[in-house]
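Laboratory data are not the source of any read-out in this text; all were calculated from the coordinates shown. In this text, all values refer to a predicted model and were calculated from it rather than measured experimentally. For neighbour counting, all protein chains shown are included, and Cβ atoms are generated from backbone atoms with ideal geometry for every residue, glycine included.
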Amino acid sequence: MIFMGGKDDREVLALAKPISQDKSVSLTVIHLKAKNNIGTILGENDRALDDEMLSGIKGITYLEEQVSDGPETLDFLQSIVEDYQLFIVGK
């Protein structure tokens, strides 16, 4: 799952958590974070809710990736596309 933050991503994570309880499923949450908070549009409340939601994940692989802009994000996503069978994203 690609997690960038915000209400939609929290909702998708809530839906993905029960799926990850299936022993044949391995869920990885990749949290894309802006370097130096450049370009972040989330307010403090959203960030706090994101942190709370992410801190409650158990039995799920959590990875954090710092990206600085759109092209760098695209490069990262292209580099991992063969590593996973399915990508789940919010709106």
Q: Compare the Cα positions of ALA34, GLY56, ASN45 along the charge dipole of region 2-83 (+1 at Cβ of Lys, Arg; -1 at Cβ of Asp, Glu; about the Cα centre) and return the one farthest towards the positive end.
A: GLY56
Q: Considering only lysines 8 or more places apart in sequence, or on different chains, count the pairs in the chain whose C-alpha atoms sit under 17 Å apart.
A: 6
Q) Any idea what the relative contact order of region 2-83 is, in percent, if you count C-alpha pairs under 8 Å spaced at least 6 apart? A) 38 percent
Q) Per the helix-only calculation at 222 nm, which mean residue ellipticity applies to the chain, given -39500 (n - 2.57) for every DSSP H run of n ≥ 4 and division by its residues, nearest 500 deg cm²/dmol? A) -12500 deg cm²/dmol
Q: Might you report the magnitude of the Cβ-based charge dipole of the chain about its Cα centre, with Lys and Arg at +1 and Asp and Glu at -1, to the nearest 20 debye?
A: 300 debye
(Q) At 7 Å along Cα-to-Cβ for each site, give me the label-to-label distance between LEU49 and SER79 in nm. (A) 3.1 nm
